[in-house]
Structures are given as C-alpha cells and as structure tokens.
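Heads up: the structure comes next, in structure tokens.
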Amino acid sequence: MNQKVADAINAQIKAEEESSRLYFAMANWCDMNGFPGSSAYLYAHADEERMHMVKLVNYLNERGSHAKTQALEEPQNNWDSIQDVFKGVLSHEEMVTSLINNLFEVCMNEKDYLTSNFLQWYIQEQVEEEASARTVLDKLELAGSSQGGMFHFDKEMEAMAAAAATAGNA
Ligand code: FEO
C-alpha cells in the first residue's frame, strides 16, 4: 500500500481514538453535573468513534499495511456549561470533517481509488454527525436556561441515546 496513504490513515486512526476519548470525558462531565441523558448520549457517541477507529484499523491491515496503536493527548476534562459541551461537539466534528477531506485528497493525489472509495462511508458519516450536533444545539437553545428547560432537554437527549442504540449508532 502507498506509504503516504498508510501514514494518513494512521493519523486518522489516532484522531478517531482521540474523538472517542473526548466524548468519553464529556460524558463523564455530564454524569457528574446532573445530565444523565446527555451523558448516555455521549457515552454512546464515544463508542461510535471507537468503531470508526477500528474500521480504519481493519482496513489498513486488510490492505497489507500495519495499523499503529499510538500515544494520545489528554482530552479536555472540564467545561463551563452544558452549552459549552455541545458547542465543543460541533466544533470537534467540523474539525474531523476537515481531516477526512484532507485524507481523501491524499488518496486522490496518490491515485489510491480503493481507499477513496472506502472513505465515502466516512464522508457521509460526517454529514450525519455535524447535522446531529446542530440538532442538539437547536434543542439546547429552545430549552433556555431554566431548570425545567434543562430537565426537558436532558430527557430529549436520553431519548436520542435510546433511539441511536436501537438503530445501532449514536
Ligand atoms: Fe468519527 Fe465523529 O467522527
């Protein structure tokens, strides 16, 4: 396999694992700050990011390359508010979208059309993940900042987590 493509996929493997750890840290924060529904949603999202990583690892190994298990940065562990948490989710997903776009560009430049094809799944996934993050922010805005609004918001997040679990994704 082309080494530039393999290196770029290994970088994405690291980014997906770091995404998983960031959402895990966010889920912990929500759990400790009275948002059990949001916590369930983010724990499920952390699992989904791990699945994104494993899918890349399997692909790299299937193509005869070698996926690396890499050292990771410590994720952010504290946020000012639940709004701050979910704004963080959207900006993180926008960053991941740009990483996926760059990875796709490396594949095109190296004429690795098999990998470009494989990455279509990730491109579509980013459309859905950014849309979900925007939906959550809309719900937060509608909820306002009253205790009742926050309670209602968190119940909606619990329902979103349950629906995602039924559908097999977060
Ligand atoms: Fe794997 Fe949410 O990007």
Reported set for the stretch 62-108 where residues are of a type outside the set (A, V, I, L, M), touching a residue at least 40 places away in the same chain (Cβ under 8 Å) and either part of a helix (DSSP H, G or I) or in contact with an Asp or Glu (Cβ under 6 Å, 6 or more places away or on another chain) (or both) is Gln83, Phe86, Lys87, Gly88, His92, Glu93, Asn102, Cys107
Exercise for review: Check whether at least one residue in the stretch 39-61 is within 22 Å of Met160 (Cα to Cα), more than 12 Å from the ligand (Cβ to nearest atom), assigned to a loop (DSSP other than H, G, I, E, B) and more than 12 Å from the chain's Cα centre (by Cα), and report yes or no.
Suggested key: no
Of the residues in the stretch 32-46, those that are surrounded by fewer than 17 Cβ atoms within 10 Å (Cβ to Cβ) and farther than 19 Å from Lys139 by Cα number 1
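Residue by residue, here is whether (1) of a type in the set (Val, Ile, Thr); (2) in contact with a helix residue (DSSP H, G or I) (Cβ under 6 Å, 6 or more places away or on another chain) holds:
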| residue | (1), (2) |
| --- | --- |
| Ala40 | no, yes |
| Val54 | yes, no |
| Asn58 | no, no |
| Asn61 | no, no |
| Gln76 | no, no |
| Lys87 | no, no |
| Glu110 | no, yes |
Condition set under 16 Å from Asp154 (Cα atoms) and crowded, with 19+ Cβ neighbours inside 10 Å, scope the stretch 17-31, selection nearest to the ligand (Cβ to nearest atom): answer is Met26
Among residues of the stretch 119-170 being surrounded by fewer than 16 Cβ atoms within 10 Å (Cβ to Cβ) and aromatic (Phe, Trp, Tyr), the residue nearest to the ligand (Cβ to nearest atom) is Trp121
query = Could we say that Glu94 is modelled with pLDDT of 95 or more, within 14 Å of the ligand (Cβ to nearest atom) and surrounded by fewer than 15 Cβ atoms within 10 Å (Cβ to Cβ) here?
reply = yes
Output for Cβ contacts, cut-off 7 Å, separation at least six or different chains, first residue over 15 Å from His152 (Cα atoms) in the stretch 125-140, second β-branched (Val, Ile, Thr) and within 9 Å of the ligand (Cβ to nearest atom), reads Gln126/Val96; Gln126/Thr97; Gln126/Ile100; Glu130/Thr97; Ala133/Val89
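The values are calculated or read from the model by the stated rules, or taken from the named source; none is laboratory data. Just so you know, these numbers come straight off a predicted model, no measurement behind them. So basically every Cβ, Gly included, is an ideal-geometry build from the backbone, and we count neighbours across all protein chains shown.
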